[in-house]
Amino acid sequence: MLLIKRFSAQTAQARVLYLSCLSCVVLLVVFFSYSLFPHLHLRALHIADSRSKTASDFQAPFIPEGLGRPDEDDLFFARPGGGSKPRPNGKGQPTYAILLPTYTNHLPYVVNFLQSYMCLCTDHQEVDIHLIVSDSKEVKAFQDAIEGLKSCGERFSIFPTPRGNINGPKPKINIVNFYDIVPDAFRSMIKGNITADDTSALLTERGRYQYQTIKKMSAAIELKYDWGLWLDSEAVVVQPFSMREVFDSYIKTPTVWRSRNSKTDFMVSLITGSANVLGRDIESFGKALWNLESVQWMLEKEVVNDLVQSVEKAHKQDFWTVWATQGSPFEINLYNLHIQARKLESNDPLFTKYQVVETEREMDRFGMGAAKPIMDQISQTGIFETSYLLLKATEAVPGFSRMMRHYGQRLLRFDDLDVAPPDVIDRFLLDTPINILCVGGPPLHSWWEERNKIL
């Protein structure tokens, strides 16, 4: 009996000791977890998991040598925020559209673009193209030119033609007579007569730059789309691609690019005029601000509507009267500054989803320091606007490609095919990938054919 009592007492003591030790262990685990959790780099775990995947898991069309995997670029260079998703229309997909203002003298450029787009874009039937021309005579000229587009054979330039485009239909093209969307403010403001057959009085009195801006901005206001792309005439498609993917890629990380490169009186007048139209003071942003950087001129219809309403509310006048009397800035300067300003003062998701990044910092962050001497010499444009010049610094090209891919930048201005060795240009355009050269219009495909480069 005594033995049993002693055994029971020892058991109870052991149980108490065990529970005490267990409690201490739990407390220590909680303490160290709480202390270390803020310092734990969770992204490292995600990287380790990502690197265990195969290339097919990422479904990336290009994994260029030396440029890093697309997943690694996104993980290493990502900024906070989950990005955005295209908002569907009634049919389940957002409506995408290309807005291309042009005129007769640029007809050969437009035909060149449309032919390359027709043969190399895999989904051209899903994206509307609006050609905004000057008058009824130009409507007829462009209709005839579109009728003359050639059917696509088995190859276009150096590429096999996507199967669905071989002897396929023409793109969905809507030709808009500028007269039909000319703002009412100019019908009374212009001394000359504006008719469906002749809008040149507006060109004469407002000048070429303003005339082009009115074409672009009035199309953005009047036409129907969810997301649009302003495109100049001198564009050319680089390689087979999906236009919807171009939009989708940008919308995941919608970005406004800015720099401190406003170095000429003309640039200062444009950015100051943008602030004036918005009813704001340029000093709030800095006089060195320049925001015509990226030439991938994406626009969102809801933002355009908000821009017009904000200007009219600030000035108690119609939008176009304010624009015409407060500096008449370029449409993209005005649009980008509106996003930047509204993002600062509002928690509206329409604007909070946008990133506003600085070109100089991003190029440094993506390892493009070797190109800084070239950047410093760019004084007449934005740094990003003429960034094809940075290919001269071949050491900076891999970082440049990563930056373009990370931010969904598939369009680029390219004025000079002699800017770098041909193989450097090939790798950059094809592997980044660049889908459209949107300004400059170099003879890319004949250049490739002359070199007998076959893919």
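Every residue, every condition in (1) buried (at least 18 other Cβ atoms within 10 Å of the Cβ); (2) in the same structural domain as Lys263 (by TED's automatic domain parsing); (3) over 16 Å from the mean Cα position of the chain (by Cα), yes or no:
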{"residue": "Asp318", "(1), (2), (3)": "no, yes, yes"}
{"residue": "Pro329", "(1), (2), (3)": "yes, yes, yes"}
{"residue": "Asn336", "(1), (2), (3)": "yes, yes, no"}
{"residue": "Ala341", "(1), (2), (3)": "yes, yes, yes"}
{"residue": "Leu350", "(1), (2), (3)": "no, yes, yes"}
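What's the total number of residues in the range 363-390 that are out of contact with any helix residue (DSSP H, G or I) (no Cβ under 6 Å at 6 or more places or on another chain) and either of a type in the set (Asp, Glu) or closer than 22 Å to Trp297 by Cα (or both)? Result for the range 363-390: 13. Does Arg260 satisfy the criteria of being basic (Lys, Arg), more than 22 Å from Val356 (Cβ to Cβ) and modelled with pLDDT of 95 or more? So Arg260 fails the test. Would you confirm whether or not the range 133-154 contains a residue that is surrounded by fewer than 22 Cβ atoms within 10 Å (Cβ to Cβ), assigned to a helix (DSSP H, G or I) and touching a residue at least 60 places away in the same chain (Cβ under 8 Å)? Yes - at least one qualifying residue is present in the range 133-154. Under 7 Å by Cβ, and 6 or more places apart or on different chains, what pairs join a residue from the range 238-260 that is part of a helix (DSSP H, G or I) with one that is among the aliphatic types (A, V, I, L, M)? Cβ pairs passing all conditions: Met243/Val127; Arg244/Val127; Tyr250/Met298. The residue that is farthest from Ser218 (Cα to Cα), counting only those in the range 302-318 that are out of contact with any Gly (no Cβ under 8 Å at 6 or more places or on another chain) and of a type in the set (Val, Ile, Thr), is Val303.
Of all residues in the range 385-407, those satisfying the criterion of being crowded, with 21+ Cβ neighbours inside 10 Å and small (Gly, Ala, Ser) are Ser387, Ala396, Gly399, Ser401. Taken over the range 356-369, residues that are crowded, with 18+ Cβ neighbours inside 10 Å and part of a strand (DSSP E or B) amount to 1. Considering Asp306, Asp281, Asp265, the condition of being within 19 Å of Ile383 (Cβ to Cβ) and among the acidic types (Asp, Glu) is satisfied by Asp265 alone. The conditions of being without any contact (Cβ under 8 Å) to a residue 12 or more places away in the chain, surrounded by 15 or more Cβ atoms within 10 Å (Cβ to Cβ) and on the phi < 0 side of the Ramachandran plot are not met by Ala185.
Candidates are the residues of the range 188-215 that are assigned to a loop (DSSP other than H, G, I, E, B) and of a type outside the set (Val, Ile, Thr); the one that is surrounded by the fewest Cβ atoms within 10 Å (Cβ to Cβ) is Lys191. Condition test on Val322, is it among the aliphatic types (A, V, I, L, M), in contact with a helix residue (DSSP H, G or I) (Cβ under 6 Å, 6 or more places away or on another chain) and assigned to a helix (DSSP H, G or I)? Against the criterion (among the aliphatic types (A, V, I, L, M), in contact with a helix residue (DSSP H, G or I) (Cβ under 6 Å, 6 or more places away or on another chain) and assigned to a helix (DSSP H, G or I)), Val322 qualifies. Summed over the range 404-455, the residues that are part of a strand (DSSP E or B), at pLDDT 95 or above and not basic (Lys, Arg) give a count of 4. When Glu300, Glu312 are checked against the criterion of being surrounded by fewer than 18 Cβ atoms within 10 Å (Cβ to Cβ) and not small (Gly, Ala, Ser), Glu312 stands alone in meeting it.
Does the range 267-289 contain any residue that is more than 26 Å from Leu412 (Cα to Cα), assigned to a helix (DSSP H, G or I), among the charged types (D, E, K, R) and touching a residue at least 24 places away in the same chain (Cβ under 8 Å)? Checked the range 267-289: no residue is more than 26 Å from Leu412 (Cα to Cα), assigned to a helix (DSSP H, G or I), among the charged types (D, E, K, R) and touching a residue at least 24 places away in the same chain (Cβ under 8 Å).
Which of the following residues is modelled with pLDDT of 95 or more, under 20 Å from the mean Cα position of the chain (by Cα) and not hydrophobic (A, V, I, L, M, F, W, C): Lys224, Lys215? Just one listed residue meets the conditions, Lys224.
The values are calculated or read from the model by the stated rules, or taken from the named source; none is laboratory data. Treat the numbers as computed from the prediction; the structure is a model and nothing was measured. Here the Cβ is made from the backbone with ideal geometry for all residues, glycine too, and neighbour counts use every protein chain on show.
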